[in-house]
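A.B. asks: I have a structure I would like to understand better, so I am pasting it below and will then ask my questions one at a time.
The values are calculated or read from the model by the stated rules, or taken from the named source; none is laboratory data. From a predicted model like this one, the values you see are computed outputs, not experimental measurements. Reconstructed Cβ throughout: ideal geometry from the backbone, glycine too, with neighbour counts over all protein chains shown. Remember, those area values only see protein heavy atoms, side chains included, never the ligands or the DNA or RNA. Shrake-Rupley method; radii C 1.70, N 1.55, O 1.52, S 1.80 Å.
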Amino acid sequence: MNQVPASPPQLHAFIDEAGVRAHTPKSSDHFVMSAVIVDDRNLGAAAQFLADLRQATGRGPGVHLHWQNFNHVDRVHAAQSLGAQSWATISTVVVCKRHLARTTMNEDHFYLYTLRFLLERLSWIARDSNTVMTYTVAHIVRMQLSKLRQYEAALKGQQTQIAWSALDPKGGRIDQPKNLELLSLADIAASATFSAFNPDRHSNTEERYLRSLAPRLYRRPPGMITSYGMKMHPWVNSTKAAYPWVATL
């Protein structure tokens, strides 16, 4: 009796951002958007990871985990712990705004343009796995689902590198971490990455969190990490000189 081969697990991307979307002299120098990808078989493990992290950081059951509420010790632990989870895959886009030409894009367009880069990488991960990726973005102020749908439709009418057949045809979703706790995974990834690039009020950056996450960054042999797991935009001579350590991740 012939057995029907098992279908590959569906992949789920949980997406959040760090930094300010605006491209103004007073806004953050960087804008980061990160996705943590988990397949069906490991959704329970991901939920247990967050439960364990709450306990380890002294938070009660059901308390929403947010990077901004962690002290440095908890941030190190959160990044190290997520970086050790074999079920997690991370893909990130880092926009280096001071290296971009002046733009007339408003905040929504800037956010969606960054999402386009991330969707490319999410689709490649799903395509390489011969499966389909769903994606959920954390709620963004003033961003309505209708705008996301309009942008998805516009992208489908353009020539992009997005493998649409590998993404959920229903389109992306928007939710809040208090309703979908696995979005907290993306908050950790985006915030840890942001800390490595954007100086604090003392002009210091913190690479330690990102280096702890580095084992989970998407690596597609023989592609370089800056092509897949961490998309730097723009990746030109000036940014390569400013962030030489990125290629060593």
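A.B. asks: Looking for something free of Cβ contacts under 8 Å to residues at least 24 places away in the same chain, within 13 Å of Val94 (Cβ to Cβ) and not β-branched (Val, Ile, Thr) - is there at least one such residue anywhere in segment 213-222? Talk me through it step by step, then tell me what you get.
C.D. replies: Taking segment 213-222 as the starting set, the residues that turn out to be free of Cβ contacts under 8 Å to residues at least 24 places away in the same chain are 219, 221-222.
Remaining after also requiring within 13 Å of Val94 (Cβ to Cβ): none.
No, that holds for no residue.
A.B. asks: State all residues of segment 172-196 that are open to solvent by 10 Å² or more (accessible area, probe 1.4 Å), within 16 Å of the chain's Cα centre (by Cα) and of a type outside the set (Ser, Thr, Tyr); if no residue qualifies, say none.
C.D. replies: If we filter segment 172-196 for residues that are open to solvent by 10 Å² or more (accessible area, probe 1.4 Å), which is where we start, we get 173-182, 187, 191, 194-195.
Now narrow it down to the ones that are within 16 Å of the chain's Cα centre (by Cα): 173-177, 180-182, 187, 191, 194-195.
If the condition is that a residue be open to solvent by 10 Å² or more (accessible area, probe 1.4 Å), within 16 Å of the chain's Cα centre (by Cα) and of a type outside the set (Ser, Thr, Tyr), then Arg173, Ile174, Asp175, Gln176, Pro177, Leu180, Glu181, Leu182, Asp187, Phe194 are the ones that fit.
A.B. asks: Of all residues in segment 132-149 being at pLDDT 95 or above and among the hydroxyl-bearing types (Ser, Thr, Tyr), which is surrounded by the most Cβ atoms within 10 Å (Cβ to Cβ)?
C.D. replies: Tyr135
A.B. asks: Shifting gears a bit: Would you point out the residue of segment 11-27, among those that are at pLDDT below 90 and open to solvent by 20 Å² or more (accessible area, probe 1.4 Å), that is nearest to Arg121 (Cα to Cα)? It would help to see each step written out before you state the result.
C.D. replies: Initially, segment 11-27 is screened for residues at pLDDT below 90, giving 20-27.
Adding the requirement that they be open to solvent by 20 Å² or more (accessible area, probe 1.4 Å) leaves 20-21, 23-26.
Values: Val20: 22, Arg21: 20, His23: 24, Thr24: 27, Pro25: 29, Lys26: 30 Å.
Ranking the candidates gives Arg21 first.
A.B. asks: If you don't mind, there's one more thing I want to ask. So, Arg75, is that one open to solvent by 40 Å² or more (accessible area, probe 1.4 Å), in contact with a helix residue (DSSP H, G or I) (Cβ under 7 Å, 6 or more places away or on another chain) and either assigned to a helix (DSSP H, G or I) or in contact (Cβ under 8 Å) with a residue 40 or more places away in the chain (or both) or not?
C.D. replies: Spelling it out, Arg75 is indeed open to solvent by 40 Å² or more (accessible area, probe 1.4 Å), in contact with a helix residue (DSSP H, G or I) (Cβ under 7 Å, 6 or more places away or on another chain) and either assigned to a helix (DSSP H, G or I) or in contact (Cβ under 8 Å) with a residue 40 or more places away in the chain (or both).
A.B. asks: Taking the residues in segment 198-249 that are aromatic (Phe, Trp, Tyr) and over 14 Å from the mean Cα position of the chain (by Cα) as candidates, determine which candidate is least open to solvent (accessible area, probe 1.4 Å). Steps first, please.
C.D. replies: Residues of segment 198-249 that are aromatic (Phe, Trp, Tyr), as a first pass: 209, 218, 228, 235, 243, 245.
Those still in the list that are over 14 Å from the mean Cα position of the chain (by Cα) too: 209, 235, 243, 245.
Values: Tyr209: 12, Trp235: 74, Tyr243: 28, Trp245: 38 Å².
Among residues in segment 198-249 that are aromatic (Phe, Trp, Tyr) and over 14 Å from the mean Cα position of the chain (by Cα), the one least open to solvent (accessible area, probe 1.4 Å) is Tyr209.
A.B. asks: Considering only residues that are modelled with pLDDT under 95 and of a type in the set (Gly, Ala, Ser), which ones fall in segment 155-164?
C.D. replies: Result: Gly157, single match.
A.B. asks: Applying the selection to segment 58-71, what residues are assigned to a helix (DSSP H, G or I), open to solvent by 20 Å² or more (accessible area, probe 1.4 Å) and touching a Lys or Arg at 6+ places or on another chain (Cβ under 9 Å)? Break it down into steps so the answer makes sense when it comes.
C.D. replies: Initially, segment 58-71 is screened for residues assigned to a helix (DSSP H, G or I), giving 67-69.
Narrowing further to those that are open to solvent by 20 Å² or more (accessible area, probe 1.4 Å): 68-69.
Asn69 - this is the single residue of segment 58-71 that is assigned to a helix (DSSP H, G or I), open to solvent by 20 Å² or more (accessible area, probe 1.4 Å) and touching a Lys or Arg at 6+ places or on another chain (Cβ under 9 Å).
A.B. asks: Let me spell it out: the conditions are (1) without any contact (Cβ under 8 Å) to a residue 40 or more places away in the chain; (2) outside any loop (DSSP other than H, G, I, E, B); (3) not basic (Lys, Arg), and Leu82 meets all of them except one. Which number is the exception?
C.D. replies: (1)
A.B. asks: In addition: Looking at segment 101-117, which of the residues that are hydrophobic (A, V, I, L, M, F, W, C) and modelled with pLDDT under 85 is farthest from Leu145 (Cα to Cα)? Working first, answer last.
C.D. replies: Of all residues in segment 101-117, those hydrophobic (A, V, I, L, M, F, W, C) come to 101, 105, 110, 112, 115, 117.
Of the ones still in play, those that are also modelled with pLDDT under 85 are 101, 105.
Numbers: Ala101: 29, Met105: 19 Å.
Only one residue fits best here, namely Ala101.
A.B. asks: On to the next question. Taking only pairs six or more apart or across chains, which ones have beta-carbon atoms under 9 Å, a first residue in segment 35-56 that is farther than 16 Å from His12 by Cα, and a second residue that is at pLDDT below 95 and β-branched (Val, Ile, Thr)?
C.D. replies: Within 9 Å, the pairs are Arg54/Val63.
A.B. asks: So for segment 37-57 (the condition being at pLDDT below 95 and either within 15 Å of Arg216 (Cα to Cα) or not in a helix (DSSP H, G or I) (or both)), does at least one residue qualify?
C.D. replies: No, that holds for no residue.
A.B. asks: With the checklist (1) among the hydroxyl-bearing types (Ser, Thr, Tyr); (2) open to solvent by 10 Å² or more (accessible area, probe 1.4 Å); (3) over 16 Å from Ala18 (Cα atoms) in hand, flag the one item Tyr113 doesn't pass.
C.D. replies: In the conditions (1) among the hydroxyl-bearing types (Ser, Thr, Tyr); (2) open to solvent by 10 Å² or more (accessible area, probe 1.4 Å); (3) over 16 Å from Ala18 (Cα atoms), Tyr113 misses (3) alone.
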